[in-house]
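Novice: One structure, as C-alpha cells, below. Some questions next.
The values are calculated or read from the model by the stated rules, or taken from the named source; none is laboratory data. Since this is a predicted model, take the numbers as computed values, not measurements. Counting neighbours? That spans all protein chains shown, and the Cβs are built from the backbone with ideal geometry, glycine included. With ligands, DNA and RNA removed, areas are computed over all heavy atoms of the protein, side chains included. Shrake-Rupley method; radii C 1.70, N 1.55, O 1.52, S 1.80 Å.
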Amino acid sequence: MRRFSVIRIRSLEHLFDLAEKGMTNPYFLAGGTDLLIKIKDDLLIPPFTVLDISGLQELRSIHFEQDYVRIGSLVTHGEIEKHPELRLLFPSLTDACHGVGSPQIRNRATIGGNIGNASPAADSIPPLYVYGAELHLVNSKGERWVKIEDFFTGPGKTIRNPVEIIKEIRIPAEKRDYGTYLRLGQRKALAISKISLALAGKKKNGSMEDVKIALGAVGPTVIMAVETSLYLRGKELSSEVIKEAGNIIEKEAEPITDLRSSKEYRKKMCSTLLVKALTNWKQVA
Amino acid sequence: MKKIKVKVNGKEYVKDIPEYKTLLDFLREDLFLTGTKRGCGAGECGACTVILNGRAVNSCLVLAVECDGAEIKTIEGEGENGKLSPLQEAFQHHHAVQCGFCTPGMVMSARSLLDRVPHPTEEEIKEAIEGNFCRCTGYKQIVEAIIDASRGGS
C-alpha cells in the first residue's frame, strides 16, 4: 500500500484548528471501507492527508427528539439496520442499510461516509430523500443545514468543502404507513446496486396521501420520481393504479447505460421495482 | 510511526507501526499471527475477517493505528490449550474445509454470530457468512458445521 500519514482527530475543535492552519488534500477516514480501497487502488493523488475521525464519539449516537431523529454521521450501517425504533419509523432506511456489502462492511461503514462519497448507487441515500433528511455540515467558519437533495452535484461530487464535516443527519420524526427499499444487484451480498428504489407513504381514508419515491443508480445523483408520486396522490392502491404507476415511472426515469446495466433494462426495472413495492404495500395494508 | 497498544487473543502488545499499515499486515507481519489470510485486500472476500471489539470486520480495511486500545480476536484465539474449539471440530467433522484458505475468516464470522446469537437459524447463519467467499465447498458443509456447533455437537 502507498505510504501516507494519518492524523488522529481528537475533537471537532482539533479538526478546526488544523483546518485553519491549512492542509494538503484532506480526506476523512470514518469507517475506511471506501477510502482505504481508493488509496490501495491509487485513486487519490498524492500528497494527501488522512484525517482519522473514527474516534469522535460525539458523532456516534442516535437521538430521538420530539420533531426529529438525529443520527450521528459515524453511526454504522450495522447499528442502523439493527435499531428497533429506527426500523419502526424509517423501514426504508433500515432495509437499505441491511443490504449494504456484508456484515463485516456494515460493522465499519458509516452513514456519513456513504453520504460523503456521493455514489449515485449508495444504498442509504434514496431512503434519506424519501424521509426528507437534512445534513448538518460544520467547519471552522460555522455551520449550515442542507437538505439531502441539495447536497449532491454529481457522481462523487457534493457541495461540501474539503474540511467541512457532516456532523449529523436529521430526519423528521414522522410516522408513515409504509416504507420499503428494493434493490437489484449482481448477487445479494457485496454487490453495488444496479438500480434501487426507496418508497415511503401515508394513507388517509383508504387513499394514498403522501407517497415519496426515490431512485438510486439511474442518474448522476439519486432522483425523486415526482410525477409518479403526483399520480399516486389521492388514489386507492388498486391493481390498475399500480400498473399505471409502473408505466409512469418508466417514462419518468432517465437512466444511463454503464458497465452494470443498460438504459433499457434500468427503465424496465424502475417499473418492476415500483410495482413490487406498491403490491407489497397493498398486501400488508 | 505511531505507538499502539492492543489486546490480541487476550495478550497485550505495544508496538511502533507505520500509520499506513493495515490491521491485517500488523497481525501477520508484526505479531506473526499468519492464520488470518489476505485474499482480495478490498473487503470482498472475507478471508481476513477478525473480531474487533466484538464485531466481525475485514482486517484489510482497518488501519492498525485505529485499533489503539482495542481488543482483537483472530483464529489463533479460537482454540484453547492447543485444542480445537467445538466450532473448529464441527468444521473438521463436516468436511467444511477443503483448500482451507477461507476457513479462518469463515470461523471468525461464525464465532462473531455465535457470541451474539448462540442458537441461530439457518438464515441467520447464511447472513453471517455472506461476506466470506468459499470457492471449494459450496457452503453447504460450512452451514451444517455451524448449525452443529450451535447445538453443542460436532
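Novice: Looking at segment B:115-147, which of the residues that are touching a Pro at 6+ places or on another chain (Cβ under 9 Å) and more than 13 Å from chain A (Cβ to nearest Cβ) is surrounded by the fewest Cβ atoms within 10 Å (Cβ to Cβ)?
Specialist: The selected residue is B:Ile147.
Novice: Restricting attention to segment A:122-140, report how many residues are open to solvent by 10 Å² or more (accessible area, probe 1.4 Å) and touching a Gly at 6+ places or on another chain (Cβ under 8 Å).
Specialist: 1
Novice: Also: Identify, please: which residue in segment A:203-227 is charged (D, E, K, R) and at pLDDT below 95 and is, among those, nearest to A:Thr158 (Cα to Cα)? Please lay out each step first, then the result.
Specialist: Of all residues in segment A:203-227, those charged (D, E, K, R) come to A:203-204, A:209-210, A:212, A:227.
Checking which are at pLDDT below 95 leaves us with A:203-204, A:209-210.
Details: A:Lys203: 34, A:Lys204: 37, A:Glu209: 32, A:Asp210: 28 Å.
Applying the filter and picking the extreme gives A:Asp210.
Novice: Just the residues that are touching a residue at least 24 places away in the same chain (Cβ under 8 Å) and hydrophobic (A, V, I, L, M, F, W, C), please, taken from segment A:252-275.
Specialist: A:Ala253, A:Ile256, A:Met269, A:Cys270, A:Leu273, A:Leu274, A:Val275
Novice: Can we say A:Arg70 is basic (Lys, Arg), assigned by TED's automatic domain parsing to the domain that holds A:Lys157 and in a helix (DSSP H, G or I)?
Specialist: no
Novice: Select from segment A:228-258 the residues that are modelled with pLDDT under 95 and in a helix (DSSP H, G or I) and list them in ascending order.
Specialist: A:Glu250, A:Lys251, A:Glu252
Novice: Same structure, new question: Quick one: in segment B:26-39, of everything that is part of a loop (DSSP other than H, G, I, E, B) and within 13 Å of another protein chain (Cβ to nearest Cβ), which residue is nearest to B:Arg111 (Cα to Cα)? Reasoning before the result, please.
Specialist: As a first pass, look at segment B:26-39 and keep what is part of a loop (DSSP other than H, G, I, E, B): B:31-39.
Subsequent filtering for residues that are within 13 Å of another protein chain (Cβ to nearest Cβ) retains B:36, B:38-39.
Values: B:Thr36: 14, B:Arg38: 19, B:Gly39: 20 Å.
If we take residues in segment B:26-39 being part of a loop (DSSP other than H, G, I, E, B) and within 13 Å of another protein chain (Cβ to nearest Cβ), then B:Thr36 is nearest to B:Arg111 (Cα to Cα).
Novice: Could you say whether any residue in segment B:125-147 is touching a Phe, Trp or Tyr at 6+ places or on another chain (Cβ under 7 Å) and at pLDDT 95 or above? First the steps, then the outcome.
Specialist: Our first condition is that a residue be touching a Phe, Trp or Tyr at 6+ places or on another chain (Cβ under 7 Å); within segment B:125-147, this holds for B:145.
From what's left, at pLDDT 95 or above: B:145.
Yes, segment B:125-147 contains a residue that is touching a Phe, Trp or Tyr at 6+ places or on another chain (Cβ under 7 Å) and at pLDDT 95 or above.
Novice: Report the residue count in segment A:87-119 for those that are assigned to a loop (DSSP other than H, G, I, E, B) and either open to solvent by less than 30 Å² (accessible area, probe 1.4 Å) or within 14 Å of another protein chain (Cβ to nearest Cβ) (or both). Walk me through how you get there before you give the answer.
Specialist: So the first thing to find is which residues in segment A:87-119 are assigned to a loop (DSSP other than H, G, I, E, B), and the list is A:90, A:99-102, A:107-109, A:118-119.
Keeping just the survivors that are either open to solvent by less than 30 Å² (accessible area, probe 1.4 Å) or within 14 Å of another protein chain (Cβ to nearest Cβ) (or both) gives A:90, A:99-102, A:107-109, A:118.
Within segment A:87-119, residues that are assigned to a loop (DSSP other than H, G, I, E, B) and either open to solvent by less than 30 Å² (accessible area, probe 1.4 Å) or within 14 Å of another protein chain (Cβ to nearest Cβ) (or both) number 9.
Novice: Output the number of the condition that A:Pro26 fails; it satisfies all remaining conditions of (1) within 25 Å of the chain's Cα centre (by Cα); (2) crowded, with 16+ Cβ neighbours inside 10 Å; (3) under 26 Å from B:Asn53 (Cα atoms).
Specialist: Tallying (1) within 25 Å of the chain's Cα centre (by Cα); (2) crowded, with 16+ Cβ neighbours inside 10 Å; (3) under 26 Å from B:Asn53 (Cα atoms), A:Pro26 fails exactly one: (3).
Novice: Go through segment B:44-64 and report how many residues are out of contact with any Ser or Thr (no Cβ under 9 Å at 6 or more places or on another chain) and surrounded by fewer than 24 Cβ atoms within 10 Å (Cβ to Cβ).
Specialist: Taking segment B:44-64 first, the residues out of contact with any Ser or Thr (no Cβ under 9 Å at 6 or more places or on another chain) are B:45, B:53.
Then keep just the ones that are surrounded by fewer than 24 Cβ atoms within 10 Å (Cβ to Cβ); that gives B:53.
Residues flagged as out of contact with any Ser or Thr (no Cβ under 9 Å at 6 or more places or on another chain) and surrounded by fewer than 24 Cβ atoms within 10 Å (Cβ to Cβ) within segment B:44-64 amount to 1.
Novice: Could you check segment A:1-56 for strands (runs of 3 or more DSSP E) lying wholly inside it with 1 or more residues that are small (Gly, Ala, Ser)? Can you show your working first?
Specialist: Values: elements: A:5-8, A:26-29, A:49-52.
Per the criteria, A:5-8.
Novice: What about A:Asp17, is it within 14 Å of chain B (Cβ to nearest Cβ), among the acidic types (Asp, Glu) and either open to solvent by 30 Å² or more (accessible area, probe 1.4 Å) or farther than 26 Å from A:Pro172 by Cα (or both)?
Specialist: Details: within 14 Å of chain B (Cβ to nearest Cβ): no; among the acidic types (Asp, Glu): yes; either open to solvent by 30 Å² or more (accessible area, probe 1.4 Å) or farther than 26 Å from A:Pro172 by Cα (or both): yes.
It is false that A:Asp17 is within 14 Å of chain B (Cβ to nearest Cβ), among the acidic types (Asp, Glu) and either open to solvent by 30 Å² or more (accessible area, probe 1.4 Å) or farther than 26 Å from A:Pro172 by Cα (or both).
Novice: While we're here: Restricting segment A:1-14 to residues that are more than 14 Å from chain B (Cβ to nearest Cβ) and of a type outside the set (D, E, K, R), which is surrounded by the most Cβ atoms within 10 Å (Cβ to Cβ)?
Specialist: A:Leu12
Novice: Starting from segment B:89-115, take each residue that is within 16 Å of B:Gly77 (Cα to Cα) and list its partners that are among the basic types (Lys, Arg), counting only C-beta distances under 7 angstrom and pairs at least six apart or across chains.
Specialist: Going by the 7 Å Cβ cut-off, the qualifying pairs are B:Pro104/B:Lys37; B:Gly105/B:Lys37; B:Ser112/B:Arg55.
Novice: For segment A:183-221, how many residues meet the condition of being surrounded by fewer than 20 Cβ atoms within 10 Å (Cβ to Cβ) and assigned to a strand (DSSP E or B)?
Specialist: 7
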